[in-house]
Amino acid sequence: MVQVASKTSSLRKFFPQLVAGFGVTMVLVQLGISSGWSSPYLARLTAPDSPLPLTLDEASWVASLLNLGRFAGAIIGAMSVNYLGSKRAMFMTLIPISMCWLLTILAKSASWLYAARFFGGMGLGMTYSSFPLYLGEVALPEIRGSLVSLAACGGTFGVLLGSVAGSYLDLEVSAGIYLAPCLALMVLFAWLPESPHHLVKIGEFEEAKKSVEFYRAGCQVEEEFDAVKKFVSNASTETFSEKLAEFRQPALIRATILIIVLWAFMQICGFNSVLFYMEIILKQGQSHLIEAKVVVMYVSASAVLASVVSIIMIDRCGRRMLLIISSLGVTLSMAGLGTHFHLIESGYDVTDLQWLPVASLFLFDISFFVGLMCVPSAVLSELFPTNVKCIAACFASLAGAIFAFIATKSYQPLIELIGQSNVFFMHAVLTVLIVPYALICMPETKGKTLQQIQDDLVKR
């Protein structure tokens, strides 16, 4: 009976946070779908019998504009978090995501798809500027890392859905299916309370207490409320320029550089090349063991499993160790792809090595989604004081957008310039640099409160 009562108490304690985490995860599913959309549909839209024919250059822009829209979304998202709060900012992300699917349904030419992908990118940038902050503010330390990883897992599951649907459904049908959940998520986020941190920041103390009572059910409300007030102290009196001036502090300079570098590494490790061009990579790699679109689905499914593992491991192994393991796996997978294409370029018969690009892609997705996908978001939610978190998230999202756009748009030109094998070898070299960087520069935040993390940064 005692055990049953304890489990019931734990469920009551964490349930509201899990509801918030579920909502965020479903938004990330939408973003994952928009990312996984490219691999099957670009292959179909560039085919001779395409109902909406695209040239290779137009297909490159369709893939790249997702990340260009992300740049604009990062700025809008940061402003939304600062002035509206992280929960309302999450609600706002659903507007451009819905526009993405609506324009896809109506698409009659490449221009419609350009606009759709740009809006999808805006939703992506807005979400990554807000969701780590929202979960960081409403979740208890025991499950904070797991909730951020769960959200990342939602993105991975969305990639799988996008890959499967893109292989079997028409463009308009799949977009209509994706649009419906956006409306349901708007209802959910309209119902959820704003985070107590933002409400304290704007002086809404009674509403902030109610928010604490909702999100921290079963905890000592007064103690939690006092902790929130301490953490948010004086934030409401600062202007934007004063907040920017705080980034001159050594602790915040270190934290900002760390976050920007982590988000840059996330994009330049080869993720965009693999995600958007996986089916094409398999065909160019002369791998015919399994149909390319089927391999894409299996690889995406393995990424979902890896994301589930990351939810369990991130609060056990810690952020740093998970990032190192992930980086080594990605490095090995990029080296495998580089080796395979080097053999093709050198004129070798790779019939007996058809398994190598398939195995490399499996290793890439598993390794990436175990750590590189979730750790930067988890660390972002933990390193910065509330009053400057929105600016820090904007910096991170802008860095991610810039490097993602460069990596996506430069993929085809780089292949023509230095060869496909050298492009993959370049990704391998860049990714292995994460290991010494994590060992030397990255603090471990596992199991610490936000205040303890701030105290540690000041001591460093």
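Residues of segment 89-147 that are charged (D, E, K, R) and within 30 Å of ALA227 (Cα to Cα): GLU137, GLU142, ARG144. Number of residues in segment 240-286 that are surrounded by fewer than 22 Cβ atoms within 10 Å (Cβ to Cβ) and outside any helix (DSSP H, G or I) equals 2. Within segment 56-69, residues that are farther than 13 Å from SER38 by Cα sit with their Cβ atoms under 8 Å from residues that are aliphatic (A, V, I, L, M) and in a helix (DSSP H, G or I), at 6+ positions apart or across chains, in these pairs: LEU68/ALA401; GLY69/MET122; GLY69/LEU124.
For THR408, indicate whether it is modelled with pLDDT of 85 or more, closer than 14 Å to CYS269 by Cβ, polar (S, T, N, Q) and not assigned by the TED database to the domain that holds TRP61. Working first, answer last.
Values: modelled with pLDDT of 85 or more: no; closer than 14 Å to CYS269 by Cβ: yes; polar (S, T, N, Q): yes; not assigned by the TED database to the domain that holds TRP61: yes.
Answer is no for this residue.
A count restricted to segment 301-323 and to residues that are closer than 21 Å to LEU275 by Cβ and either out of contact with any Phe, Trp or Tyr (no Cβ under 7 Å at 6 or more places or on another chain) or not assigned by the TED database to the domain that holds PHE369 (or both) stands at 7.
Does segment 84-105 include one or more residues that are modelled with pLDDT under 85, hydroxyl-bearing (Ser, Thr, Tyr), over 22 Å from ILE311 (Cα atoms) and buried (at least 21 other Cβ atoms within 10 Å of the Cβ)? Outline the logic, then answer.
Step one: filter segment 84-105 for residues modelled with pLDDT under 85, giving none.
No, the conditions are met nowhere in segment 84-105.
Among the helices (runs of 4 or more DSSP H) confined to segment 298-406, the ones with at least 2 residues that are of a type in the set (A, V, I, L, M) and surrounded by fewer than 24 Cβ atoms within 10 Å (Cβ to Cβ) are located at 319-345, 355-367. Of the residues making up segment 110-127, not a single one is out of contact with any Asp or Glu (no Cβ under 7 Å at 6 or more places or on another chain) and in a loop (DSSP other than H, G, I, E, B).
The values are calculated or read from the model by the stated rules, or taken from the named source; none is laboratory data. All values derive from a computational prediction rather than experimental measurement. Neighbour counts are summed over all protein chains in view; Cβ atoms, including those assigned to glycine, are modelled from backbone coordinates with ideal geometry.
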